Amino acid sequence: MVVEAGQFPKAGGAILCGWEMTDVSRRRKVLPRLAGSGYFMDWEDFEEMKPARWKLESVWCALGGVLLMAGVGEAQVGPVRMEVGRRLRIPAAPGTAWQLERSVSGGTPWERVGEPRFGVAGEVVIDDFGLAVAGQRFRAVSVDPAVVGDAPVGGAGLTALLVRSGGNHSEVVFMSATDGFYRLDEQHARTFGYRWVKTGPQGAEVVLSWSDGTHSLLRMELETKTSGRWGMEPLADPAGAAAVGETGDGGLLQLVTGRIRRNGLAELPADLSGREMLLDEGGMVTSVRFADGHRARLRSPGAAEREVEVVYERENAARGSLRFEPLGWQILLEMNGAGGGTFQEQAVPAPQGQAPPFVPRRGVFTTPVERPAVPNGDCPPESLGGRSYIVHGSTVCTLTFKADGTGTAAKEVNGSLEVTAFTYAYARTGAASASLALTFPGVSRDLIDDYQFDYSDDCAGKFRRDSYASGGSAGVTAGTFTAGPGGGG
């Protein structure tokens with residue numbers, strides 16, 4: 001769709017062609033005129049514009065009336081409002097993106113003005129019209145929101161790691177386009193339905209609807225392609241996200257495709273070339289983009305981006321140091337989970353007698369989660385669709401998986417076969433490991449089974465299962481698993 005916000009009139013005014021206005025003071029329809037010398041008229045007495053059905057419309061157009069708004073390609077979805085100060089409000093579905101363009105009377109190539117704007121609360125607001133020039137015409141063009149910025153347009157298959165002040169994190173697992181679960185810590189997890197809306201090139205908000213009928217608003221703002229900040233607030237009405245001004249700052253965010261391996265060895269990368277890292281010191285976030293192993297771009301709050309030399313030394317898999325020259329700033333990095341850890345400034349030796357009292361800076365950092373290559377191409381498998389596993393724990397259970405993300409768990413209870421439907425999310429987490437989460441929509445106790453699999457060469461192996469019910473831990477089970485018969489489509 002293209003919505004045109006037409007010419008600035010020449011001095012003396014012009015007639016708006018094809019649209020009628022609603023005078024909010026008298027609730028009457030009028031055919032407005034434009035007045036002024038190059039700016040939109042003062043609309044303070046008018047609220048709405050919508051397509052006019054006046055018989056004289058064709059006459060005014062023939063006489064050279066100025067087209068202010070026009071829908072191209074499809075019908076306009078609602079009234080378009082023009083406000084004082086040349087602000088344009090266009091009805092737009094949440095998550096849609098619009099690019100303002102301008103031309104001289106539509107006769108010259110259209111050029112972009114500013115950055116794309118996103119639909120929020122049923123409309124998109126455009127106010128960056130730039131310098132007004134007589135005869136200039138503007139239009140707002142719908143663009144693909146997926147290609148604007150780094151923020152995803154949906155959550156299916158993603159995990160949001162919400163990093164907290166101590167470097168530990170919670171997991172928001174988006175199992176499908178509509179459902180997922182929130183793993184607060186080892187002892188607490190609960191399921192949710194959700195609605196994801198991209199709110200800007202780097203931002204998204206997610207309304208989480210919990211099984212007990214309550215709701216929360218999760219907002220995310222990316223600083224790099226996968227890292228940024230998050231905030232979460234309770235939400236009384238799932239349709240009321242737009243009314244929430246600011247969410248509390250929760251800390252750093254890391255978006256991961258698939259899942260991470262918990263309770264395992266988290267490793268610092270051997271080489272930082274081409275990577276991005278965020279350093280958070282109590283809410284002050286520094287972005288580091290590594291060009292290669294010796295140079296990086298550093299962006300700190302209140303300071304211009306600058307290029308610095310870096311010296312990175314990896315002491316072991318989970319510990320290393322990073323020095324920025326010529327700043328004389330050196331930090332110790334310690335991984336405490338996939339996706340990040342904590343850092344602390346290290347004192348740099350100073351000449352004798354010149355060392356001031358040293359108070360180290362400290363905080364948390366993020367680093368991209370790596371997926372190591374799988375030596376055996378199908379072990380762990382890329383997908384479980386059409387497969388089944390027999391898990392041997394406190395009981396024997398056969399898990400059968402379909403390609404659509406659903407499946408069944410079958411086990412013998414008191415001499416009878418009990419079959420329970422589930423939805424699942426599966427992802428490789430290492431060269432010989434994978435994660436599998438099951439939720440049970442038909443069970444009222446908000447049940448979650450979160451498996452970690454360790455594979456051997458024959459695609460059998462060991463598992464750990466963390467179970468949750470009604471938001472709390474329902475126990476941990478360890479055992480073995482083997483491949484079963486195919487699960488069908």
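The values are calculated or read from the model by the stated rules, or taken from the named source; none is laboratory data. The structure displayed is predicted, hence computed values, not measured ones. Ideal geometry is used to build each Cβ from the backbone, glycine not excepted, and the neighbour counts take in all protein chains shown.
Of the strands (runs of 3 or more DSSP E) lying entirely inside the range 274-320, those containing at least 2 residues that are within 23 Å of the chain's Cα centre (by Cα) and closer than 21 Å to Val369 by Cα span 276-281, 284-290.
One line per residue, one yes/no per condition, for (1) within 19 Å of Ser176 (Cα to Cα); (2) in contact (Cβ under 8 Å) with a residue 24 or more places away in the chain; (3) surrounded by fewer than 19 Cβ atoms within 10 Å (Cβ to Cβ):
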position: Leu384; (1), (2), (3): yes, yes, no
position: Tyr389; (1), (2), (3): no, yes, no
position: Lys402; (1), (2), (3): yes, yes, yes
position: Asn414; (1), (2), (3): no, no, yes
position: Leu438; (1), (2), (3): yes, yes, no
position: Leu447; (1), (2), (3): yes, yes, no
position: Gly479; (1), (2), (3): no, yes, yes
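Being over 30 Å from Ser435 (Cα atoms) and assigned to a loop (DSSP other than H, G, I, E, B): is that true of Pro269 here? Full working, then the answer.
Values: over 30 Å from Ser435 (Cα atoms): no; assigned to a loop (DSSP other than H, G, I, E, B): yes.
Against the criterion (over 30 Å from Ser435 (Cα atoms) and assigned to a loop (DSSP other than H, G, I, E, B)), Pro269 does not qualify.
Just to be sure, is Met277 touching a Phe, Trp or Tyr at 6+ places or on another chain (Cβ under 8 Å) and either among the aromatic types (Phe, Trp, Tyr) or within 16 Å of Phe343 (Cβ to Cβ) (or both)? Outline the logic, then answer.
Details: touching a Phe, Trp or Tyr at 6+ places or on another chain (Cβ under 8 Å): yes; either among the aromatic types (Phe, Trp, Tyr) or within 16 Å of Phe343 (Cβ to Cβ) (or both): yes.
Criteria met by Met277.
Against the criterion of being under 24 Å from Ala373 (Cα atoms) and outside the structural domain of Asp185 (by TED's automatic domain parsing), Phe422 does not qualify. Checked against (1) exposed (fewer than 12 other Cβ atoms within 10 Å of the Cβ); (2) assigned to a strand (DSSP E or B), Ala373 passes all but condition (2). If you filter the range 213-235 down to residues that are part of a loop (DSSP other than H, G, I, E, B) and modelled with pLDDT of 90 or more, you find that the one that is surrounded by the fewest Cβ atoms within 10 Å (Cβ to Cβ) is Gly213.
In this structure, is Arg259 of a type in the set (D, E, K, R), buried (at least 16 other Cβ atoms within 10 Å of the Cβ) and in a loop (DSSP other than H, G, I, E, B)?
For Arg259, the condition - of a type in the set (D, E, K, R), buried (at least 16 other Cβ atoms within 10 Å of the Cβ) and in a loop (DSSP other than H, G, I, E, B) - is met.
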